[in-house]
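> Below is one structure. I have some questions about it.
Please treat every number below as a calculation from the coordinates, not as lab data. The model shown is predicted, which means the values in this text are computed figures rather than measured ones. Backbone-built Cβ (ideal geometry, glycine too); neighbour counts: all protein chains shown.
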Amino acid sequence: MTTTAIIVATDGTETSRAAVRWAAREAERRHALLRIVHVYDWEWREGRFDYTNQYTDIARQVAEQVTMTGHDQAREVAPDLSIELDTVLGHAGARLLELAGGAELMVLGNRGRGGFGGLLLGSVSQRLAVHASCPVVVVRGRGDVTDGPVAVGVDDSPAADHVLGTAFEAAAARGSALAVVHAYLPAVPLWLQSSVPAIDVTTPEQDAAERAALARLVAPWQAKYPDVAVETMLSHDSAAAVLTGISQGAQLVVVGSHGHGVVAGTFLGSTTMQLLHHADCPVLIDRLPQR
């Protein structure tokens, strides 16, 4: 079996169908294998008394039908794609985390069968977004959209350059523009902090320094991808607010996996978490390659 592939999890819900279609298009762009995975748990009440394996066989057949349906959905958007199907017994979060170790990319819907209607992000998707060792895409909002720019949020962390490179590569592969967003809180005098929001503070010198730093970060990638039209945006508002607004017209938002002062691989930064709950397009959580 191929050890590196784009893996997409499906459970037959509409959000997972959108994830399968998105993953198929991405695998086609990357000339990669698509591995469609359905994790099922057959521990039904009747199964406790199943001495003939009848219920076990039924559960397996139902699960295999879910993956076959995913196969048909992927073929609709990428007829020539190389596809593997994998029906796995166990708990979805734990089994998908195991599979993520050998994946190029993990693609998920934002909410599965077990989710409550009022939740914006399912527990399995959140667990994978937080703990997976590979980059993760959560397909949400308008689903598998193919129009609009790619957007990326960058800060002054060591991972910013890698996140920016991932965004440039994604924009180039799609033939789309790239919106680069850098949000920062200006230094506000103490006597103003209680009366003037940071977003309304005018700080031309700080803004000029931040723009110059952002231009230096973008320049090498712009030289590598000269055909990508780039718009840089500087904001005193939160990165989550700006990127959520842009997501309404974007086809993908790219963000890093953690924020300042957070142990890598353990928690997501607040910007990323808010986008996973509120973005109106798929969100790619980039991760530095493991050494």
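> Once phi is turned into ³J(HN,Hα) by the Karplus curve 6.51 cos²θ - 1.76 cosθ + 1.60 with θ = phi - 60°, what whole-Hz value does each residue of region 176-182 show in order, with x for glycine and proline?
Listing the rounded values in order: 10, 6, 10, 9, 9, 10, 10 Hz.
> Using the 10 angstrom Cβ neighbour count as an exposure proxy, how do 31, 278, 38 rank, fewest first? Mind dumping the intermediate values first?
Values: 31 8, 278 17, 38 24.
Lowest count first: 31, 278, 38.
> Now, a different point. As a footprinting exposure proxy, order 134, 281 by other Cβ within 10 Å, with the fewest listed first.
With the sparsest Cβ surroundings first, the list reads 134, 281.
> Give the separation of the Cα centroids, region 1-42 to region 93-110, in Å.
Spelled out, the Cα-based centre of one part sits 10 Å from the other.
> Among 286, 161, which comes first, then next, by fewest other beta-carbon atoms within 10 Å?
Values: 286 20, 161 15.
Placing the least packed residue first, the sequence is 161, 286.
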